[in-house]
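These notes concern the structure reproduced below.
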Amino acid sequence: MAENTHLTFKMDPYLYEYLDAIIVQQSSPEEAFRRFEDIANRHTLNLRKITKQVQECRVNNDEDAVKKAVNEYDEALEKYIPVLMAQTKIYWDKSNYNMVESIFRKSVEFCNEHDAWKLNVAHVLFMQESKYKEAIGFYEPIVKKHYDNILSVSAIVLANLCVSYIMTSQNEEAEELMRKIEKEEEQMSYEDPERKIYHLCIVNLVIGTLYCAKGNFEFGITRVIKSMEPYSKKLGMDTWHYAKRCFLGLIENLAKHMIMVRDVVVQDCVQFLEHAELYGKQVPCRIQPPLSTTAMHELQGKNTVTFEARLLKALLIQVCDL
């Protein structure tokens, strides 16, 4: 932008200020927040002004003017939403979810019907771990709106809703939602056998990871194992990344003698790792960074799920004295 000032004159002033604040954010988040706040204040003043115009047009029964003002309001709102999201992201990155919620509350007057706003409010309530009931209130309408085509909903939204149900003792609702996802996945697999669908896999992974994080490794690991079935379709670089973290947590806690698990669970873990070893020969564990100094031939054979699954199995057997 600094090198091409002749082009910036053609920009919308709001867009220029928004991009300028985004650039400043990299070096000074506090200054960026202040700039976003200034832009947001101007947007809210404009939105209030247009709202007043809509009300006046309705009083005068001028339908054409109402339509024009409503369209103008929608356009102004679409300009305001990115500024609001950029503002909240500064505190989201710092894990200051209370501050993010506070910023969202200030914008409820204008954004309470906007899907992107509702979704992000749901996420921030979910992340606070004490407001699952409130999060359900935002997630549920999004899911119900697309209930007949549930796989069109983001997998993480479905996963977070299931977790929220479980954490508020609404297990039946969680199970019903998971059955619905499973049914639609089966139908889609029947129509297109080669297509890989990860919705139910991600839901089970998130639930499993949550229980492992809370120390209930028996139930958590069982969910993680279930999430990978069938292995030929569910085992991938990303799904393996989250699954192995749960197994590493299990092995670490067993090694420190902080937990005990039944022999049958350990046998299930060994069997799972053997399946991962079998199906993971062509599945990479990570992507080679473009500027990495490590030659690809050094990673040959090690950058596979098979290699890591063998390593985890050996560690588990050693820890459990099998």
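The values are calculated or read from the model by the stated rules, or taken from the named source; none is laboratory data. In this text, all values refer to a predicted model and were calculated from it rather than measured experimentally. Cβ: placed from backbone, ideal geometry, glycine included. Neighbour counts: every protein chain shown. Accessible surface is based on the protein model in full, side chains and every heavy atom, while ligands, DNA and RNA are left aside. Shrake-Rupley method; radii C 1.70, N 1.55, O 1.52, S 1.80 Å.
Condition check for LYS196 on (1) open to solvent by 70 Å² or more (accessible area, probe 1.4 Å); (2) part of a helix (DSSP H, G or I): one failure, at (2). Name the single residue that is modelled with the highest pLDDT among those in segment 1-22 being out of contact with any Ser or Thr (no Cβ under 8 Å at 6 or more places or on another chain), loosely packed, with under 13 Cβ neighbours inside 10 Å and aliphatic (A, V, I, L, M). The residue in question is LEU15.
The single condition among (1) touching a Ser or Thr at 6+ places or on another chain (Cβ under 8 Å); (2) modelled with pLDDT under 90; (3) of a type outside the set (Ser, Thr, Tyr); (4) open to solvent by 20 Å² or more (accessible area, probe 1.4 Å) that ILE202 does not satisfy is (2).
Scan segment 73-97 residue by residue and report those that are in a helix (DSSP H, G or I), more than 21 Å from LYS52 (Cβ to Cβ) and open to solvent by 20 Å² or more (accessible area, probe 1.4 Å). Answer for segment 73-97, where residues must be in a helix (DSSP H, G or I), more than 21 Å from LYS52 (Cβ to Cβ) and open to solvent by 20 Å² or more (accessible area, probe 1.4 Å): PRO82, MET85, LYS89, TYR91, TRP92, TYR97. With respect to the stated conditions, LEU47 fails to be modelled with pLDDT under 90 and either touching an Asp or Glu at 6+ places or on another chain (Cβ under 8 Å) or in a helix (DSSP H, G or I) (or both). For ASN61, the conditions (1) at pLDDT below 90; (2) part of a helix (DSSP H, G or I) all hold with the exception of (2). If you go through segment 24-34 and pick out every residue that is within 24 Å of GLU75 (Cα to Cα) and of a type in the set (Val, Ile, Thr), you end up with 0.
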